[in-house]
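Have a look at the structure below, then the notes.
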Amino acid sequence: MESEHQPAHVTRREFLTTTVAATAAAAVLPPSSDASRATTGKMIGIQVGAVSFVDEGVDRTLDILQERGAVNTIFLTTFTYGRGLAGRQIPGQPFPDHGVQDSDEKFFHGGNYATPHQEFYARTSLKQTRAPDHGDLDIVAAVLPAARKRNIKLFCSVEDVWRADVPGVREAAEVDLLGRRTGTTCLFHPDVRAFWTALVTDLCKSYDIDGILFFNERNGSLLNALGASHAQHIDSSRVTCFCDFHRQAARERGIDFERARQGYLVLDRFVRDSMAGTRPSDGYFVEFWRILVEHPEILLWDRLFDEAKHQVLAEVRSAVKAVRPGLQVGFHIEHVNSFNPVFRATRRYEDLAAKADFLKVVAYNNCGGERYVQYIDNVGSTLFRDVPKAELMRFNNYLLNYAEKSYDELASSGFSADYVYRETQRALAGVQAKCRILPGIDIGIPTHASSRKASPQDTYDATLAALRAGAHGVILSRKYSEMRLENLAAAGRAVRAGI
Ligand SMILES: [Zn+2]
């Protein structure tokens, strides 16, 4: 995938040269005020991918983040094959007003942007994950000393997003309802569990970092079958996982593997018929509920996914704490936890708090409007197809404690700052002071052309709402390479006003 002709393919030596040049350029920036350097006591974090430091230089980028965003913590994307946390602006979206104004599609690959030290990976077949995007650059080694010099904390963000052509992934991949291998790893596979432990141990032992932020946005089989999220496509035949390790885990828990598979086959038929508008004689919801009653294994299989996911969270925490108890572990809590009441029921904040030092709770307001509409469209095309969508949203709002714009207006208006306030308070109440809550603030997360785009006022209001609700800080999301500087500066002003 990489090419020496691509601008971001740089050797470490070239990178350092670039950085020195960029540092010199940074001297022309306005001098930072004392206020911007002040420690707030609250964690003001930002998610940044390697490419931003490569494109804009380490010191120059840190200057901007501190001065404009009042940032005191970097969540450096260290492992992912996804474009949500890594890479430049995603293709098809306008570039922000900084960084290289050219798509990285031709060289973006993903993987481990630090150096995998092979001795840690003896127990897993997933050994070759080095990201080739930036040559032999080790982004943690490159950013950490500069961050330390400025008293900025640095966490490594690692995300459970894979690509099928990574060595070992096919063998450790999930198996879908029809027996097809997917491009995503199974969380019950011993090599996969060993990989996550190895990766976070490697990062915590090899670098003097402050901790790990672990991202896993994957959902269980029931939610996926229904597309009961902001998924763009529903394909109920692709639900997982029906591999041998799942079969064994099911047996150990007294769950009938074949009955689970049969249940999902029936559900698959229901979803496809519903989307085609073939109404069951008793109506969509009654038929859906009947399938659940007749195949309780459907719910058990969904719970089995959660169990595997939470087992990995616990193992990640143990591995990090085994290196040094003072290292911090945080988990990213995905957006669907906010707007799907059934999903909410499968997560107890208090349980998550027992495994984490902090939770990054997604409270993205601008893209949230569009995503919530998508969720309503999805569930409104299957189990709730008999309910007009505007009314379905109104009903759902009561369940979720939302006071937002109507179905027709919401994608273009986005969620309000009040949404951020309420979701922050719900998380704080849920964790019962057992861990810190850092809401994820939406700064320029890409949306469709007609949907809400971040403005300085939105960003200011959302950031202030999170802090006024009592959050222990915020994490500016998803990544610096998609944020406009005026919006970043608005978040910084809110931080200075709100603390
Ligand atoms: Zn499996």
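The values are calculated or read from the model by the stated rules, or taken from the named source; none is laboratory data. What you see is a predicted model; the values in this text were computed from it and never measured. When we count neighbours, we look across all protein chains shown, and the Cβ atoms used for this are built from the backbone with ideal geometry, even at glycine. Just the protein is used for accessible areas: all its heavy atoms, side chains included, with ligands, DNA and RNA removed. Shrake-Rupley method; radii C 1.70, N 1.55, O 1.52, S 1.80 Å.
If you roll a 1.4 Å probe over the heavy atoms of the protein chains, what accessible area per residue do you get for region 53-178, in Å²?
34
Is the shape of region 270-327 rounded, prolate or oblate, going by the alpha carbon gyration tensor and its root eigenvalues a ≥ b ≥ c, with a/c under 1.5 for rounded and a/b larger than b/c for prolate?
On the way: a/c = 6.04, a/b = 3.61, b/c = 1.67.
Cα axes put region 270-327 in the prolate bin.
Please give the per residue accessible area of region 298-355, computed with a probe of 1.4 Å over protein heavy atoms only, in Å².
So region 298-355 comes to 36 Å² accessible per residue, rounded to a whole number.
Treating only the Cβ of Lys, Arg, Asp and Glu as charged (+1, +1, -1, -1), what charge dipole size does the chain show about its Cα centre? Round to the nearest 20 debye.
Using Cβ point charges on Lys, Arg, Asp and Glu, the chain gives about 1040 debye.
What length, rounded to one decimal in nm, is gained on full extension from Gln311 through to Glu171, with 0.36 nm per residue of separation minus their alpha-carbon distance? Provide the component values of the computation, followed by the final result.
Values: separation 140, 0.36 × 140 = 50.40 nm, distance 2.07 nm.
Computed gain between Gln311 and Glu171 is 48.3 nm.
Only four residue types carry charge here, +1 at the Cβ of Lys and Arg and -1 at the Cβ of Asp and Glu. Report the dipole size of region 332-395 about the Cα centre in Debye, rounded to the nearest 20.
40
Rounded to the nearest 10 degrees, what's the angle between the helix 485-498 long axis and the longest principal axis of the chain, both from Cα atoms, 0 to 90?
Tilt relative to the chain: about 90 degrees.
For the chain, what Kirkwood radius comes out of the mean inverse Cα-Cα distance, in Å?
Taking the inverse mean of 1/r over all distinct Cα pairs, the chain comes out at 23.4 Å.
Beyond 17 Å, what share of the Cα-Cα pairs of region 246-360 remains, rounded to the nearest whole percent? It would help to have the intermediate numbers written out before the result.
Values: 4367 of 6555 pairs.
Considering region 246-360, 67 percent of its Cα-Cα pairs are separated by more than 17 Å.
Can you compute the charge dipole magnitude of region 98-158 about its Cα centre, using +1 on each Lys and Arg Cβ and -1 on each Asp and Glu Cβ, nothing else charged? Give it in debye, rounded to the nearest 20. Walk me through the numbers before you get to the answer.
Numbers: 8 positive and 7 negative charges, 86 e Å.
Computed about the Cα centre, the dipole is about 420 debye.
What number does region 162-306 give for Rg over Rh if you use C-alpha atoms and the Kirkwood radius?
Using only Cα positions, Rg/Rh for region 162-306 is 1.05.
Counting pairs on different chains as well as pairs 8 or more places apart, how many Lys pairs in region 373-499 have Cα atoms under 28 Å apart?
Lysine pairs meeting both conditions in region 373-499 amount to 6.
Let me know the Kirkwood hydrodynamic radius for region 344-415, please, with Cα pairs as the basis and the value in Å to one decimal. Please report the intermediate quantities before stating the final value.
Numbers: mean 1/r = 0.0735 Å⁻¹.
By the Kirkwood definition, the hydrodynamic radius is 13.6 Å.
Pop out the carbon and sulfur fraction of the accessible area of the chain as a percent, whole number, probe 1.4 Å.
Working: 10040 of 19600 Å².
The C+S portion of the solvent-accessible surface of the chain is 51 percent.
As an exercise, use a Förster radius of 45 Å and the Cβ-Cβ distance of Phe285 and Gln457 to find the FRET efficiency, rounded to the nearest 0.05.
So the FRET efficiency works out to roughly 0.65.
Which whole-number percent is the relative contact order of the chain (Cα, under 8 Å, 6+ apart)?
Averaging sequence separation for qualifying contacts and normalising by length gives 17 percent for the chain.
Positive end of the charge dipole of region 308-398 (Lys, Arg +1 and Asp, Glu -1 on Cβ, about the Cα centre): tell me which of Val362, Pro325, Leu392 has its Cα farthest that way.
Pro325
Whole Å is fine, so just give me how far the alpha carbon centre of region 95-154 lies from that of region 341-373.
For region 95-154 versus region 341-373, the Cα centre distance is 27 Å.
What value, in deg cm²/dmol to 500, does the helix sum -39500 (n - 2.57) over DSSP H runs of n ≥ 4 give at 222 nm once divided by the residues of the chain?
The helix contribution divided over the chain gives -14000 deg cm²/dmol.
Taking Lys106 as the anchor, which lysines have their alpha carbon closer than 19 Å to its alpha carbon, excluding any fewer than eight residues away along the same chain?
Within the straight-line limit of under 19 Å, Lys106 reaches no lysines at all.
Just tell me which aspartates and glutamates come within less than 20 Å, Cα to Cα, of Lys127; anything on the same chain fewer than 8 places away is out.
Straight-distance partners of Lys127: Glu2, Glu119, Asp136, Asp138, Glu159, Asp160, Asp165, Glu171, Glu174, Asp191, Asp202, Glu315.
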